[in-house]
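The values are calculated or read from the model by the stated rules, or taken from the named source; none is laboratory data. As the structure is a computational prediction, the values presented were derived from the model and not from experiment. Glycine also receives a Cβ, built like all others from the backbone with ideal geometry; neighbour counts cover every protein chain displayed. Note: areas computed on protein heavy atoms with side chains; ligands, DNA, RNA excluded. Shrake-Rupley method; radii C 1.70, N 1.55, O 1.52, S 1.80 Å.
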Amino acid sequence: MMGEALREAPSVYVNTYVAAQAAVPAHMYDPKLPSRLVDDSVWSITTPDVFRHYPHGNESEPVYFDGFLNKTKNRIINYFNQEDYALNFWWRNTEMTRPDWLSKPYHIYAEGDGNVDTYNASAGDKFGIVDNLKTLTLPEDTFEIFSFAVQSRSWALGTIGKTDRVNNFGDHVDLETMGFDNTHYSHSKEFRSNLPNMLRFWKQLRKDFALDVIHQGWDQ
């Protein structure tokens, strides 16, 4: 994913980064966003808050994508759809039902220090896999833990922008104004539809990327 590429880059890596309907917790970029995924859900939080405060969930620690502004020459822009089908249904339910203990390889988390927000391995907090009795730790097993074992407190980045704004992002573009809605087809609609229907999207992207324009007959 592009966010991870920027995180690992030693210096400026791209000119402009557009996150389009991004399926990552918004807290990975902005810790001050509200925890509405928790407020709106019937599920309870049982895993540490390590997307927002990495790697131990302590409030003094930065977000996972800390320093992302230093990896782009210009700015980062969020193309969001608050009604996105995949992010409001599939992504949300996946996040809230973690750890993924209903299907192999059966990831689990055990609380040891009595504080669900923090991760303290020395006090007994433990991520693991049941089948092979493997223990997973942060930061060594970050990608597997993020993918299968830890919950998000915030909504996906790709749904944020109408009522809340992600701090330090250059702009927020509402895809609903371009015909994106709550249907399955609208997730990644820019790739699934045809050019005439998506012309506003690609013109917006061209503008945000500050690309030179060679006008064609259909593009005046």
Q. Asp117 fails exactly one of the following numbered conditions: (1) open to solvent by less than 60 Å² (accessible area, probe 1.4 Å); (2) under 24 Å from the mean Cα position of the chain (by Cα). What is the number of that condition?
A. (1)
Q. Looking at (1) in contact with a Pro (Cβ under 6 Å, 6 or more places away or on another chain); (2) part of a helix (DSSP H, G or I), can you tell me which one Ser154 breaks?
A. (2)
(Q) For the structure I just gave you, tell me whether Asp125 is without any contact (Cβ under 8 Å) to a residue 60 or more places away in the chain, of a type in the set (Asp, Glu) and closer than 26 Å to Asp66 by Cα. (A) no
Q) Can you name the residue in the range 68-114 that is hydrophobic (A, V, I, L, M, F, W, C) and under 21 Å from Asn182 (Cβ atoms) and is also most open to solvent (accessible area, probe 1.4 Å) among such residues? A) Trp90
Q | Hits in the range 142-169 (condition: surrounded by fewer than 17 Cβ atoms within 10 Å (Cβ to Cβ) and either over 12 Å from Pro25 (Cα atoms) or touching a residue at least 60 places away in the same chain (Cβ under 8 Å) (or both)) | A | Phe143, Glu144, Lys162, Thr163, Arg165, Asn167, Asn168
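Here is a yes/no grid of residues against (1) touching a Phe, Trp or Tyr at 6+ places or on another chain (Cβ under 8 Å); (2) over 27 Å from Gln82 (Cβ atoms):
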{"residue": "Met96", "(1), (2)": "yes, no"}
{"residue": "Asp113", "(1), (2)": "no, yes"}
{"residue": "Gly124", "(1), (2)": "no, yes"}
{"residue": "Ile129", "(1), (2)": "yes, yes"}
{"residue": "Lys134", "(1), (2)": "no, yes"}
{"residue": "Glu140", "(1), (2)": "no, yes"}
{"residue": "Ile145", "(1), (2)": "yes, yes"}
{"residue": "Arg153", "(1), (2)": "yes, no"}
Q. For the range 70-90, which residues satisfy the criterion of being out of contact with any helix residue (DSSP H, G or I) (no Cβ under 7 Å at 6 or more places or on another chain) and at pLDDT 95 or above?
A. Ala86
